[in-house]
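The block underneath contains the structure these notes are about, expressed in structure tokens.
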Amino acid sequence: MDQIRKICSRKRAEDILYALEQGPLHYCEIQQDVTISTHQILHGHTLTDTLNWLRDEHLVVRKVDAGEITYELTPCGVDHLGLIKQIRRLEATGQTDDQETPR
């Protein structure tokens, strides 16, 4: 549960995991998806720092294939995103004491 708290408190980490839920994405696709879904610009340095942190936490993997670089969720990332979604659903229905805003 501590890792879930870290993800939720890390700037844009949760948004990036949600973007990667649809499958592997290029850096610029992640940036665009998060910017559109949150209605806030995701700056390059924030995206880079957060992607590196997610990789260090083994939640996201960076893949290079024929010069194409993509990012995708690891199995651990998929599991953690599932837990985050459950928590957000509980928050939305008022079934938790947590004060975080539902996504």
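Key figures for this structure:
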| quantity | calculated |
| --- | --- |
| The chain: calculated mean residue ellipticity at 222 nm from DSSP helix runs of at least 4, using -39500 (n - 2.57) | -17500 deg cm²/dmol |
| Computed lengthening from Q86 to R62, 0.36 nm per intervening residue step minus Cα-Cα distance | 6.0 nm |
| Calculated mean projected area of the Cα convex hull in nm² (choose from (i) 6.6; (ii) 6.2; (iii) 7.8), label | (i) |
| Efficiency of FRET between I69 and I36 - r from beta-carbon atoms, R0 25 angstrom, step 0.05 | 0.75 |
| Extension gain, R5 back to H43 (0.36 nm per residue minus Cα-Cα distance, nm) | 11.4 nm |
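Since every read-out is calculated from the coordinates, none of them should be taken as a lab result. Being a predicted model, the structure only gives us computed values, none of them experimental. Neighbour counts are summed over all protein chains in view; Cβ atoms, including those assigned to glycine, are modelled from backbone coordinates with ideal geometry.
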